[in-house]
Amino acid sequence: MLFRDIIGQEKIKKRLTETVKNNRAGHAWLFFGPEGSGKLPLAIAFARYISCLNPKESDSCDTCTSCIKYKKFIHPDLHFSFPVNKTRDKDTVISDGFIKEWRDFLTLKPYGGLAEWYESIGLENKQGIISTEESKRIAYKINLKAYESDYKTVIIWQADRMHDQAANKLLKLIEEPPPNTFFILVSEKPEQILPTIRSRCMNLKIPRIEDVVMRDILMLKHGLDELKAGEIARIASGNYQKALTLLQEPEEYHYCFTRFRELMRSCYRKKIPEIMKIADELASLNREKQKSFLNYSLGLVRESLIMHYDQPGLVYLSDEENEFTYNFAPFITGDNVVQFKEELTKAAFDIERNANGKFVFLDMALTISQLLKQEQKK
Ligand SMILES: [Zn+2]
């Protein structure tokens, strides 16, 4: 994983390389931000740059002995911790017990989230944890002399999955780290990490990948035309792994579109039984698909607002989306767009927290129905 392999995030890359060049890289970092934005690839590229024997202006050299081992994630001074749990095949809660699977995951799905990781190790219906045993293990490893590099790096992926006792142990390590040791914590839920740990880390927000950047990469790397790339970028909502999954399931965005159109029509007409039927159907999807639907809807609302203000050059839509948005745009205005977006975002938030999908979608639809009604009256 080199900086140049990472999608977008140019400012972040520049900031990270600068801190190394100026010898100002703090020994503890927290990379936080949404899933699929490239936090883990960035953490690895950063560690690799620190360890590279012949670093270039903006990236590692890719040829030194350190780089060669980093490339395969086998450098002896690079350590990973990540959530695991006992599976059918493995009776351990230590990350190293899953290191082969982890290296495969980094190779195949470096932008993957917890769901993809759990699936790849067969952790069905169980949550992974970063255990107390694991933190003891980290302490042991970093107190050993560095093997080959001048630096040791510990990357803790999904650091919020750390057991309380493990977190306290880690806190001590971060407070008094052995020399030349770097910790990079990676998290989508930084608020769930001990505040005392957070405050000792350099907090670096890794934002979602911008839609335009995502669209361009889908065209360049995956050979999509502009329209298709735009559609996928809109649903993927800054998550590159999600975009890759959508490439394999092209029917998903069509599904999102037809359901959104149906739902808006029913909301507009205030047809409660129809609204309930659609809410039921959406609630029956799995959580990831429910979130996709909401992300897609947010994107289309955004496009409708742009269209409302007559800037069609900025809108990237398929023919049927275009036709629908043309009719829908008059109802999305500066007055209601904020509330519209809030409703969709709140629904996504509630779904994430396991709220009952039926109620979430129904509540959302009823409020949207009100918002559309208000515009109608004007
Ligand atoms: Zn190198």
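Each value in this text was obtained by applying a stated rule to the coordinates, not by laboratory testing. In this text, all values refer to a predicted model and were calculated from it rather than measured experimentally. Ideal geometry is used to build each Cβ from the backbone, glycine not excepted, and the neighbour counts take in all protein chains shown.
Remarks
- The lone criterion from (1) surrounded by fewer than 21 Cβ atoms within 10 Å (Cβ to Cβ); (2) touching a residue at least 12 places away in the same chain (Cβ under 8 Å); (3) near the ligand (Cβ under 9 Å from one of its atoms) left unmet by CYS61 is number (2).
- Some residue of the stretch 31-49 being among the basic types (Lys, Arg) and within 13 Å of the ligand (Cβ to nearest atom): yes
- Some residue of the stretch 119-133 being within 16 Å of the ligand (Cβ to nearest atom), touching a residue at least 12 places away in the same chain (Cβ under 8 Å) and assigned to a strand (DSSP E or B): no
- Of the residues contained in the stretch 77-93, one or more are found to be within 13 Å of ILE155 (Cα to Cα) and either touching a His at 6+ places or on another chain (Cβ under 9 Å) or within 16 Å of the ligand (Cβ to nearest atom) (or both).
- Meets criteria (within 30 Å of GLU188 (Cβ to Cβ), of a type outside the set (Asp, Glu), without any contact (Cβ under 8 Å) to a residue 24 or more places away in the chain and not in a helix (DSSP H, G or I)) for LEU220: no
- Unique match (being in contact with a helix residue (DSSP H, G or I) (Cβ under 7 Å, 6 or more places away or on another chain) and farther than 28 Å from HIS222 by Cα) among SER95, SER58: SER95
- Positions within the stretch 77-96 being in a helix (DSSP H, G or I) and surrounded by fewer than 17 Cβ atoms within 10 Å (Cβ to Cβ), in sequence order: ASP96
- The number of residues in the stretch 97-118 that are among the hydroxyl-bearing types (Ser, Thr, Tyr) and not in a helix (DSSP H, G or I) comes to 1.
- Residue check for ARG24: on the phi < 0 side of the Ramachandran plot, more than 16 Å from the ligand (Cβ to nearest atom) and assigned to a loop (DSSP other than H, G, I, E, B): yes
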